[in-house]
Amino acid sequence: MGLVALAALLSTLVVPAAAATSAAFAVRDGVSQPIHDFGKAVRETVWVDIGLDGDRDGVSDRVAADIIRPREPASRGQRVPVVMDASPYYSCCGRGMDSERKTYDSAGRPVGFPLYYDNYFVPRGYAVVLVDLSGTNRSEGCVDVGGRSDIASAKAVVDWLNGRARGYDARSGGRPVRASWASGATGMIGKSYDGTIANGVAATGVDGLRTIVPIGAISSWYDYYRSDGVSFGHDPVGLAQRVEENGGRRDCRAVKSQLVAGAPKNGDFTPLWTERDYVRHADRVRASVFAVHGLGDLNVKTIHFGQWWDAVARSGVARKVWLGQAGHVDPFDFRRAEWVRTLHRWFDRWLLGVDNGIEREPSASVERQPDQWVDEPSWPAPGVAPVTLHPRSGDTPGLGRLDTEAAAEGATETFTDDPRQDEFDWALDPDQSSSARVLFSTGPLTKDLRVAGTGQVTVTVTSSTPTAHVSAALVDYGPATIRDYLASGEGIRPLDTRSCWGADRQGDSACYRDTAATTKEVDLEVFARGWADIANHASLEKGEPLRPGQPYTMTFRLSTTDHVVPAGHRLAVVVGGTDGRFVVAPAQPPEVSLDLAGTSVRLPVLGGPPEAGAPAGPLRVDPGRVLAKPDVRVNRDTN
């Protein structure tokens with residue numbers, strides 16, 4: 001925010017706490033105070049024209065923005081900022097642990113606003129706006145899963161709040177409505193699909209969007225449905241049908257056809273994916289970014305956070321990050337009190353202009369053990385640098401050493417792709433050969449090894465068939481207590497007690513079930529993984545059949561991580577074929593020969609290469625001390 005703009009905002013909104021009864025907001029002890037009557041708040045719906053005709057009815061689509069705002073400021077001609085959550089889930093699936101949906105009275109006025117944002121922030125001088133994406137709930141148009149219509153659904157509302165778009169008091173026809181009560185300063189927040197929309201809108205550079213808070217959010221839809229040439233077995237058309245009003249509108253068939261045609265079953269990177277890649281326009285981001293992601297999130301995988309974080313860093317915007325051990329979970333459900341306190345200060349800083357110093361505090365908070373967090377000045381930590389490790393053959397076929405020195409030319413290991421197995425199977429029995437994978441490990445580490453960032457794997461392989469998938473996983477072998485992110489709840493469990501966060505009104509409670517960490521004692525943890533279709537070795541845009549017997553080299557990404565392998569533990573890399581829990585098998589699963597001299601792992605490491613002592617006997621794993629594999633495929637539609 002420029003100094004002139006900040007001064008203008010402050011002159012409009014900031015008043016001394018003593019004048020609270022006549023102020024848009026009041027600050028005490030560095031935070032805005034709940035001075036407005038939540039029960040008297042204005043609740044209304046405005047339909048905003050997004051300038052697109054997705055349902056092809058000859059009329060520009062309008063999206064429904066349900067608004068709740070304090071009554072007192074508008075009555076005095078004062079303007080307030082906006083907290084916005086744009087979502088496709090307000091009628092189909094719900095939001096939060098209790099799957100809250102929007103509710104309305106008999107006249108169609110909004111009553112129930114999911115989540116606690118309205119209960120907490122409206123009394124403190126904010127408006128909260130919950131937007132139905134095109135084609136969902138009460139909005140016109142069609143869902144296009146991260147495309148132009150999805151992004152325009154929220155961007156148009158930001159424009160309307162800033163006087164640049166048209167709003168109406170009805171879904172069709174109706175009278176024009178202006179946001180005369182809004183300061184224009186908008187912050188977007190949301191988990192999963194909702195946070196994804198925040199990323200996409202920020203990548204347009206829209207004026208008035210001051211901050212985004214993406215939680216477990218997608219940054220590139222290709223990386224949600226595909227990865228380096230492989231398919232995760234899901235397609236965007238299924239998600240569109242799930243969230244769209246009435247399970248899919250007949251007049252949206254053209255959009256569905258485009259989704260099907262643009263997302264072929266293979267892993268080729270098509271123009272459809274290019275349109276839905278927000279990372280490529282991260283240089284347009286002007287909003288500050290407070291990102292939250294679970295390091296155990298196997299739905300919206302951590303690569304989404306990692307590549308987005310790195311890209312917006314180059315834009316120089318203010319940033320903050322929380323990285324927890326849980327899976328696809330909102331921080332309200334794993335660190336509630338600290339989350340509400342921090343989010344409150346973050347919004348006060350970027351939407352109200354309160355100089356509370358949050359941007360000068362440590363910008364990163366990482367959960368090292370369940371409920372044990374460490375704050376750091378930046379992320380990744382200063383001093384993280386790439387280290388390249390190489391696999392080397394051992395005395396037992398398929399088992400070897402992970403070292404800083406490359407293997408001799410001509411050294412190979414062989415495995416057969418077995419799509420019935422996955423990374424969880426491969427990590428077991430690390431001291432035994434397996435026909436389905438090869439495993440290379442260090443000796444017991446003599447000091448802690450921290451891997452923080454996004455790594456990559458380079459493989460040189462020869463396939464026995466024209467199709468070959470290769471998967472890789474980083475494994476930490478040693479005893480530890482971690483959140484059980486593969487269990488129901490993905491690392492949390494609800495309790496019988498409730499806590500309240502804001503003001504109540506009939507039909508709109510501020511009280512939610514408390515939670516506790518679900519933990520597990522383990523002997524191993526897979527903490528990063530990646531997958532590749534060797535057919536895409538030359539280009540992600542177009543795969544090509546392999547020539548059996550010919551070597552191919554391909555580099556692919558590992559998931560972003562921040563993990564400490566403690567002294568005494570061992571670091572291993574496992575390489576196999578189809579990771580059956582995640583990716584679809586190739587047409588002809590092959591036998592694969594891995595050229596060790598042409599294979600390496602490049603990791604972002606703090607403190608230099610791993611230091612390991614001599615092997616200390618067999619590497620044992622107690623089958624009862626591992627995370628239980630999920631009953632279904634890990635990937636699912638985001639929610």
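The values are calculated or read from the model by the stated rules, or taken from the named source; none is laboratory data. What you see is a predicted model, and the numbers here were worked out from it, not measured in a lab. No Cβ is skipped: glycine too gets one built from the backbone with ideal geometry, and neighbour counts run over all protein chains shown. Heads up: the accessible areas ignore ligands, DNA and RNA and are worked out on the full protein's heavy atoms, side chains in. Shrake-Rupley method; radii C 1.70, N 1.55, O 1.52, S 1.80 Å.
Structure summary
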{"quantity": "Average accessible surface area per residue within the stretch 517-637, 1.4 Å rolling probe, Å²", "calculated": "41 Å²"}
{"quantity": "Accessible area per residue, Å², the stretch 46-109 with all protein chains present, probe 1.4 Å", "calculated": "37 Å²"}
{"quantity": "The chain - charge dipole about Cα centre, Lys and Arg +1 at Cβ, Asp and Glu -1, debye rounded to 20", "calculated": "2000 debye"}
{"quantity": "Farthest positive-ward along the stretch 402-453 dipole, Cα basis, beta-carbon charges - from A407, Q432, V451", "calculated": "V451"}
{"quantity": "Packing rank of 522-531, 189-198, where each peptide gets the mean count of other beta carbons within 10 Å, highest leading", "calculated": "189-198, 522-531"}
{"quantity": "Centre separation in Å (Cα based) which lies between the stretch 200-264 and the stretch 349-371", "calculated": "30 Å"}
{"quantity": "Of all accessible heavy-atom area on the chain, the percent that carbon and sulfur account for (1.4 Å)", "calculated": "49 percent"}
{"quantity": "Area projected by the alpha carbon convex hull of the stretch 481-639, averaged over all directions, nm²", "calculated": "16.0 nm²"}
{"quantity": "Dipole moment magnitude, nearest 20 debye, the stretch 417-485 about Cα centre, only Lys, Arg, Asp, Glu C-beta charged", "calculated": "280 debye"}
{"quantity": "In Hz, Karplus ³J(HN,Hα) per residue of the stretch 486-498 (6.51, -1.76, 1.60; θ = phi - 60°; x = Gly, Pro)", "calculated": "9, 7, 4, x, 6, x, 9, 9, x, 9, 7, 8, 10"}
{"quantity": "Solvent-accessible surface ranking, highest first, for R345, R483 at 1.4 angstrom", "calculated": "R345, R483"}
{"quantity": "Cut-off under 5 Å, modelled amide H: who pairs with V42 long-range", "calculated": "R69, R71"}
{"quantity": "Relative contact order for the chain, counting Cα pairs under 8 Å that sit 6 or more residues apart, in percent", "calculated": "15 percent"}
{"quantity": "Positive-end extreme of charge dipole, the chain - chosen from P545, P73, T396 (charges on Cβ)", "calculated": "P73"}
{"quantity": "Cα centroid of the stretch 451-475 to Cα centroid of the stretch 79-107, whole Å", "calculated": "42 Å"}
{"quantity": "Alpha-carbon centroids, the stretch 267-300 and the stretch 503-526: separation in whole Å", "calculated": "26 Å"}
{"quantity": "Burial order of peptide ranges 202-215, 497-510 (average beta-carbon count within 10 Å, highest first)", "calculated": "202-215, 497-510"}
{"quantity": "Folded to 0 to 90 degrees: helix 148-161 orientation relative to the chain principal axis, Cα", "calculated": "40 degrees"}
{"quantity": "Solvent-accessible area per residue for the stretch 191-335 (1.4 angstrom probe, square angstrom)", "calculated": "28 Å²"}
{"quantity": "Value at 222 nm in deg cm²/dmol, rounded to 500, when DSSP H runs of n ≥ 4 in the chain each add -39,500 (n - 2.57)", "calculated": "-4500 deg cm²/dmol"}
{"quantity": "The stretch 501-584, dipole about Cα centre (Lys/Arg Cβ +1, Asp/Glu Cβ -1), debye to the nearest 20", "calculated": "260 debye"}
{"quantity": "Difference of contour (0.36 nm per residue) and Cα-Cα distance, D395 to Q241", "calculated": "50.1 nm"}
{"quantity": "Amide proton proximity set for T414, modelled H, under 5 Å, gap of 5+", "calculated": "G398, L594"}
{"quantity": "R602-V317 pseudo-label distance in nm [points 7 Å out on the Cα-to-Cβ vector]", "calculated": "2.7 nm"}
{"quantity": "Farthest toward positive dipole pole in the chain [+1 Lys/Arg, -1 Asp/Glu at C-beta], among A528, Y193, A170", "calculated": "A170"}
{"quantity": "Probe 1.4 Å - accessible area at D310, Å² to nearest ten", "calculated": "60 Å²"}
{"quantity": "Hz values of 3J(HN,Hα) by residue in the stretch 184-197 - Karplus curve (6.51, -1.76, 1.60), Gly and Pro given as x", "calculated": "x, 6, 10, x, 9, 9, x, 9, 6, 4, 4, x, 4, 4"}
{"quantity": "At most 13 other Cβ within 10 Å, DSSP loop - chymotrypsin sites (Phe, Trp or Tyr not before Pro), the stretch 321-362", "calculated": "none"}
{"quantity": "FRET efficiency estimate (nearest 0.05) - Cβ-Cβ, V59 to D169, R0 22 angstrom", "calculated": "0.85"}
{"quantity": "Scattering profile of the chain at q = 0.07, 0.10 Å⁻¹ [log10 I(q)/I(0), Debye over alpha-carbon scatterers]", "calculated": "-0.46, -0.90"}
{"quantity": "Nearest 10 degrees, 0 to 90: helix 303-313 Cα axis against the chain principal axis", "calculated": "60 degrees"}
{"quantity": "Cβ-Cβ FRET estimate between R28 and T414, R0 fixed at 56 Å, reported to 0.05", "calculated": "0.25"}
{"quantity": "With Cα atoms, 0 to 90° folded angle of helix 3-13 axis to the chain main axis", "calculated": "50 degrees"}
{"quantity": "Net charge contributed by nearby residues that have their C-beta within less than 13 Å of V279 (K/R +1, D/E -1)", "calculated": "0"}
